[in-house]
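Participant: One structure follows; several queries about it will come next.
The values are calculated or read from the model by the stated rules, or taken from the named source; none is laboratory data. Just so it is clear, the structure is predicted and the values come from calculations on it, not from any experiment. Ideal geometry is used to build each Cβ from the backbone, glycine not excepted, and the neighbour counts take in all protein chains shown.
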Amino acid sequence: MNMNRKSSSAVTKLETGLVVVVIILAIVAGVGYWQASTIAPVTTTITSTTTRTQTVTQTSTATQTVTTTLAPGAAATVTQTITQPPTTVTATVTERATATVTLTQPVTTTLTTTVTAAAKPPEPIKIGVLFPLTGAAAPMGEGHVKGIQLAADIVNNVWGGIPTLGGAKIELVIADTTTDPKVAASEAERLITKEKVVGILGAYRSADTLPATEVAERYGIPFVVSAGHPLITARGFKYVFRAHPPVVPTTNWAVDLVKNVMGYQTAAILCENSAMGQSMYNMSLSRAKAIGLQVVHSELYSSAAPDLSPMLLKVKAANPDAIIAGSYLTDAVLMVKQLHEYDVNVKAVVFIGGGVPPEKFLELAGKDAEYVLLTGLWNHDSKRPSSVEFIKAWQAKYGAGSLPDQMASEGYESAVVLFDAIMRARSTNPEAIRDALTKTQLISISGPIEFDVRGENKYGYANTHILQVQGGKWVTVLPAEAATATLVTPMPPWSAR
């Protein structure tokens, strides 16, 4: 009986100790934990003595990875709630006995993370590119566009965008004039009102460029032209500029070349009858009179004429020293072939630059092109340092065997002028770009560029290049700083070739 009482007393004390442990653990479970990451299971050891003293030991390990994707320029606060897996707490009580208790303790943790995305990239700078891409003038328009695309690639991929506008990229919006003045005007308006371009490049044919620039002037949008008619910059417009030599210096150079450089006394002047051709015709006659070159025959003709022999037979009868011609591609090719066919012999044939794409002319005219001269913007053999760099960039983009012609160089140079103005303006505001254009001072592939009050390059005459077909290819014979060959004159008669 006594042993039973003692044993019962021990059990009672043990039960009392266990109750104390359970109470303590309940308090611990009620408190919980707030932490800023995932919490590993917690091990708790409690030692109880008769003096009711408990010791609690806890160990925690936290690891957290958060990935948040935002739109450019946005900021977000991400709140993540994590519930810890069940935690086991082991308590050991010393009261003449030891007991182990397992307690499940849910812990809720709130995580707050703030993430800020990278700044939004600048909006692209939209530039209208307006050229004939269908119709008879399409090959010339395509050449211009390729030159402009190269200039844009250099800005976007070499410069990394316009540096003064946070690296904003150039976006070209290409439109087709279809070789129609009405379409050219309507497309210019669409580029401005719908596409929201801040500048326009174009449009090769003077007949298309004249109405297109009227639209741009009305809306106050800068237009850097690639067209030769003198009227384009003679209307008092504030937003129209021309970088390349226009028809005036190239025409004057053709007449000067015959009289002052080659020393001939007589010439026939033959020009197609478009707006540009008539301008060349009148200026040639005026220049010839001014410098004392005798014109023995002059005539306007249709560039679409299938046969030029009636006109060329008149030239043969007049027997001039030289022919000065203002032509487009198809009629220029027809002219030299029929000069050969009808054995019309002169000492020089000079085409006024602007209408004849040199490489295409050489391809179509073949051997009949030998010794022909051309006054124009530029040739790919030019020794100017800026020209050498242009050729390297062209071949990197279009292939090692590819060479740009005058159309491509004209488009490229106009784009360089516009992009330079945007950079200096530090703005895409059309008025600011226009103001920057008036302050242009560049050395480009054809030479220096600086605009007068009309928007005409002051160095148009000095920048004119004289090219000649020698050995089946175009070479530069003037000016001296760009020349790679010497002028050959007189050209031999057809029978001696």
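Participant: Search segment 401-423 for residues that are modelled with pLDDT of 95 or more and pair each with any residue that is of a type in the set (Asp, Glu) when their beta-carbon atoms are under 9 Å apart and the residues are at least 6 apart or on different chains.
Facilitator: Listed pairs, sorted by first residue: ALA421/ASP435.
Participant: For residues in segment 130-173 being surrounded by fewer than 18 Cβ atoms within 10 Å (Cβ to Cβ) and at positive phi, which is modelled with the lowest pLDDT?
Facilitator: GLY135
Participant: For residues in segment 403-425 being in a helix (DSSP H, G or I), of a type in the set (A, V, I, L, M) and over 15 Å from the mean Cα position of the chain (by Cα), which is surrounded by the most Cβ atoms within 10 Å (Cβ to Cβ)?
Facilitator: Ranking the candidates gives MET407 first.
Participant: In segment 290-316, which residue that is in a helix (DSSP H, G or I) and touching a helix residue (DSSP H, G or I) at 6+ places or on another chain (Cβ under 7 Å) is surrounded by the most Cβ atoms within 10 Å (Cβ to Cβ)?
Facilitator: LEU312
Participant: Could you please tell me which pairs satisfy a Cβ distance under 6 Å, a separation of 6+ or placement on different chains, a first residue in segment 123-147 that is among the aromatic types (Phe, Trp, Tyr), and a second residue that is in a loop (DSSP other than H, G, I, E, B)?
Facilitator: PHE131/TYR204
Participant: Next question, about the same structure. Would a scan of segment 163-186 turn up a residue that is farther than 23 Å from PHE390 by Cα, without any contact (Cβ under 8 Å) to a residue 12 or more places away in the chain, part of a loop (DSSP other than H, G, I, E, B) and assigned by TED's automatic domain parsing to the domain that holds GLY411?
Facilitator: No, every residue in segment 163-186 fails to be farther than 23 Å from PHE390 by Cα, without any contact (Cβ under 8 Å) to a residue 12 or more places away in the chain, part of a loop (DSSP other than H, G, I, E, B) and assigned by TED's automatic domain parsing to the domain that holds GLY411.
Participant: Residue under question is ALA400, and the condition is that it be assigned by TED's automatic domain parsing to the domain that holds VAL198 and within 22 Å of ILE192 (Cα to Cα); does it hold? Can you show your working first?
Facilitator: Numbers: assigned by TED's automatic domain parsing to the domain that holds VAL198: yes; within 22 Å of ILE192 (Cα to Cα): no.
No, not satisfied.
Participant: While we're on this one: I'm trying to understand the selection: among the residues of segment 361-381, which are part of a loop (DSSP other than H, G, I, E, B) and crowded, with 21+ Cβ neighbours inside 10 Å?
Facilitator: Across segment 361-381, the qualifying residues are VAL372, LEU377, TRP378, ASN379, HIS380.
Participant: Among the numbered criteria (1) under 31 Å from the mean Cα position of the chain (by Cα); (2) surrounded by 23 or more Cβ atoms within 10 Å (Cβ to Cβ), which one does ARG384 miss?
Facilitator: Unmet for ARG384, out of (1) under 31 Å from the mean Cα position of the chain (by Cα); (2) surrounded by 23 or more Cβ atoms within 10 Å (Cβ to Cβ): (2).
Participant: Only residues that are touching a Gly at 6+ places or on another chain (Cβ under 8 Å) and surrounded by fewer than 23 Cβ atoms within 10 Å (Cβ to Cβ): list them for segment 177-220, please.
Facilitator: Once the filter is applied, which keeps residues that are touching a Gly at 6+ places or on another chain (Cβ under 8 Å) and surrounded by fewer than 23 Cβ atoms within 10 Å (Cβ to Cβ), segment 177-220 yields THR178, THR179, ASP180, ILE192, GLU195.
Participant: Still on this structure: Here are the criteria: (1) farther than 23 Å from VAL258 by Cβ; (2) in contact (Cβ under 8 Å) with a residue 40 or more places away in the chain; (3) not assigned by TED's automatic domain parsing to the domain that holds PHE237. Tell me which single one THR484 does not satisfy.
Facilitator: With (1) farther than 23 Å from VAL258 by Cβ; (2) in contact (Cβ under 8 Å) with a residue 40 or more places away in the chain; (3) not assigned by TED's automatic domain parsing to the domain that holds PHE237 applied to THR484, the lone miss is (1).
Participant: Quick check on segment 388-402. Is at least one of its residues crowded, with 17+ Cβ neighbours inside 10 Å and either in a loop (DSSP other than H, G, I, E, B) or out of contact with any Leu (no Cβ under 9 Å at 6 or more places or on another chain) (or both)?
Facilitator: no
Participant: Take ILE127 and tell me if it is surrounded by 24 or more Cβ atoms within 10 Å (Cβ to Cβ), among the β-branched types (Val, Ile, Thr) and on the phi < 0 side of the Ramachandran plot.
Facilitator: On the way: surrounded by 24 or more Cβ atoms within 10 Å (Cβ to Cβ): yes; among the β-branched types (Val, Ile, Thr): yes; on the phi < 0 side of the Ramachandran plot: yes.
Answer is yes for this residue.
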